[in-house]
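A short worksheet on the structure shown next.
The values are calculated or read from the model by the stated rules, or taken from the named source; none is laboratory data. Here the structure is a predicted model, which means the values were calculated and not measured. Cβ atoms come from the backbone with ideal geometry, glycine included; neighbour counts cover every protein chain shown. The protein model used for the area step is the full one, side chains on, heavy atoms only, and it has no ligands, DNA or RNA in it. Shrake-Rupley method; radii C 1.70, N 1.55, O 1.52, S 1.80 Å.
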Protein chains: 4
Amino acid sequence: MPTFHCTRRIEFCDTDMAGIVHFANFFRFMESAEVEYLRARGLSVKMVWEGQNIGFPRVSASCDYLKAAKFEDLLDVEVSTDQVGNKSVTFAFAFSRQGEAIAKGKVTSVCCLVGPGNELQGIDIPPSYRQRLLE
Amino acid sequence: MPTFHCTRRIEFCDTDMAGIVHFANFFRFMESAEVEYLRARGLSVKMVWEGQNIGFPRVSASCDYLKAAKFEDLLDVEVSTDQVGNKSVTFAFAFSRQGEAIAKGKVTSVCCLVGPGNELQGIDIPPSYRQRLLE
Amino acid sequence: MPTFHCTRRIEFCDTDMAGIVHFANFFRFMESAEVEYLRARGLSVKMVWEGQNIGFPRVSASCDYLKAAKFEDLLDVEVSTDQVGNKSVTFAFAFSRQGEAIAKGKVTSVCCLVGPGNELQGIDIPPSYRQRLLE
Amino acid sequence: MPTFHCTRRIEFCDTDMAGIVHFANFFRFMESAEVEYLRARGLSVKMVWEGQNIGFPRVSASCDYLKAAKFEDLLDVEVSTDQVGNKSVTFAFAFSRQGEAIAKGKVTSVCCLVGPGNELQGIDIPPSYRQRLLE
């Protein structure tokens with residue numbers, strides 16, 4: 001399974017009154033890293049693909065927090081495809097700071113056709129999208 | 001011009017490492033109070049109104065911060081229609097805590113038709129919407 | 001184990017371009033519901049308790065998304081203490097809309113002494129805090 | 001007055017159900033760009049400077065929105081020091097996309113000593129900080 005690396009600089013507004021990154025923000029960071037992984041392969045989480053308007057709504061997400069991250073920290077983010085099913089994809093994320101593990105998480109999404117009113121219909125991941133995803 | 005009152009409880013994630021509400025969050029609070037003002041009149045910021053899909057994208061926003069707000073504070077929010085033009089509406093907001101002024105802000109939006117791909121076209125505020133807005 | 005109910009009104013800024021609540025926001029909603037649960041018992045996630053400055057940093061969080069939530073939806077939130085250990089507490093959350101299940105999640109936190117520079121030291125949950133938590 | 005340029009990639013969670021960047025997020029983007037400006041000069045919005053713990057709480061913020069920004073847009077951000085008083089500093093920000101103006105904003109902050117409980121006391125900007133700021 002391919003892996004991908006990017007970085008994330010912690011912003012002031014990512015912190016809370018405990019002086020550390022608020023735990024919910026790691027889910028934003030995960031999604032952003034997933035989008036970077038996809039962009040590097042010409043893909044996205046919401047796009048027109050071969051004439052179809054597809055999206056990847058999330059069905060589950062989890063994160064374990066090992067060490068606090070702080071304002072101006074530059075985190076390394078490792079993104080990998082943990083599992084790719086017929087209709088769903090699970091990405092795994094490992095956040096670290098100069099080699100020290102900070103957090104680990106997973107996000108699972110399902111492939112959907114997006115209708116004109118944003119209504120969703122689950123479909124198999126298009127084979128050409130899947131192939132690109134796993135490059 | 002009519003006024004409206006609601007409250008806002010400060011949440012943990014609204015704070016930042018300075019131990020106070022992050023300044024950008026007041027703009028979320030203003031929008032939410034505007035929506036409550038509108039809901040009390042059967043209106044919204046994005047809705048089907050007399051068969052037209054209308055929205056109110058923001059064209060300007062400002063806030064002055066007088067005192068810090070903190071976790072679990074219960075803020076009073078006074079909402080008033082500052083100005084209602086042909087195509088735009090400006091709401092004014094005053095945040096206070098037990099009578100002490102915390103922040104004051106304004107947000108101006110323009111009335112738009114929203115197309116199927118979310119494209120926007122400025123229009124006059126429908127007269128029936130305007131009338132309800134000023135009740 | 002005690003349960004608690006509160007509600008959450010979906011705000012415009014909670015949505016994303018898919019027209020539904022962004023998945024990361026459910027973690028904000030969970031924390032806010034936990035704080036309401038605690039407030040109803042005279043407790044909080046960060047407070048001075050019997051002369052000690054204690055906090056509850058999160059060590060893990062997860063959410064399963066069953067149905068999309070939308071702007072202006074009024075969600076019911078059921079909060080329950082899933083597990084209370086010596087040093088940690090896990091809250092479970094069930095979000096529903098008029099009886100329809102929307103999302104289910106869990107958040108685990110550890111009890112810590114908070115030092116003057118916000119440094120954290122894990123401790124046993126004070127017995128009086130634990131007792132109040134389970135009332 | 002010196003200027004500084006950085007970029008900002010729009011993330012999925014920056015958007016709202018109107019399909020565009022939610023207006024409140026531009027204030028996060030402004031703060032982040034200010035921090036980048038400061039970091040390039042060895043400064044920050046909250047730091048120990050010559051033995052003093054200083055911070056820059058915001059006293060006013062405003063933004064005019066000219067064109068919508070969308071998911072995956074790469075915005076150029078021009079940061080300039082609009083005004084530097086004895087105790088306050090105003091930064092101006094201009095967001096553009098391939099030369100097209102998107103938004104313009106300003107944020108004014110005051111220099112404060114930060115006490116052990118995060119209490120704030122306004123002070124003159126330290127001369128050495130000011131000098132670095134204007135380099």
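Scanning segment A:1-55 for residues that are under 28 Å from A:Leu120 (Cα atoms) and of a type in the set (Ser, Thr, Tyr) yields A:Ser32, A:Tyr37, A:Ser44. Cβ-Cβ contacts under 6 Å between residues 6 or more apart (or on different chains), taken from a first residue in segment C:37-56 that is among the charged types (D, E, K, R) to a second residue that is surrounded by 14 or more Cβ atoms within 10 Å (Cβ to Cβ), are listed as C:Arg41/C:Arg132; C:Lys46/C:Gly55. Taken over segment D:121-135, the residue count meeting the criterion of being of a type in the set (S, T, N, Q) and part of a helix (DSSP H, G or I) is 2.
Residues checked against (1) touching a residue at least 60 places away in the same chain (Cβ under 8 Å); (2) of a type outside the set (D, E, K, R); (3) open to solvent by 30 Å² or more (accessible area, probe 1.4 Å):
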| position | (1), (2), (3) |
| --- | --- |
| A:Phe4 | yes, yes, yes |
| A:Thr15 | no, yes, no |
| A:Leu74 | yes, yes, yes |
| A:Phe91 | yes, yes, no |
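When you check A:Arg39 against the structure, is it out of contact with any helix residue (DSSP H, G or I) (no Cβ under 8 Å at 6 or more places or on another chain) and basic (Lys, Arg), yes or no? Spelling it out, A:Arg39 is indeed out of contact with any helix residue (DSSP H, G or I) (no Cβ under 8 Å at 6 or more places or on another chain) and basic (Lys, Arg). A residue that is of a type in the set (D, E, K, R), at pLDDT below 95 and out of contact with any Cys (no Cβ under 6 Å at 6 or more places or on another chain) occurs somewhere in segment B:42-50.
Scanning segment B:19-31 for residues that are touching a residue at least 40 places away in the same chain (Cβ under 8 Å) and in a helix (DSSP H, G or I) yields B:Phe26, B:Phe27, B:Phe29, B:Met30, B:Glu31. Scanning segment C:94-122 for residues that are in contact (Cβ under 8 Å) with a residue 12 or more places away in the chain, within 17 Å of C:Val48 (Cβ to Cβ) and open to solvent by 30 Å² or more (accessible area, probe 1.4 Å) gives C:Leu113, C:Leu120.
Condition (residue is modelled with pLDDT under 95, open to solvent by 20 Å² or more (accessible area, probe 1.4 Å) and aliphatic (A, V, I, L, M)) applied to segment B:20-40: is it met by at least one residue? For segment B:20-40, residues modelled with pLDDT under 95, open to solvent by 20 Å² or more (accessible area, probe 1.4 Å) and aliphatic (A, V, I, L, M): absent. Scanning segment D:52-69 for residues that are in contact with a Lys or Arg (Cβ under 9 Å, 6 or more places away or on another chain) and open to solvent by 50 Å² or more (accessible area, probe 1.4 Å) returns D:Asn53, D:Asp64, D:Leu66, D:Lys67. All told, C:Val79 falls short of being surrounded by fewer than 16 Cβ atoms within 10 Å (Cβ to Cβ), out of contact with any Lys or Arg (no Cβ under 8 Å at 6 or more places or on another chain) and of a type in the set (A, V, I, L, M).
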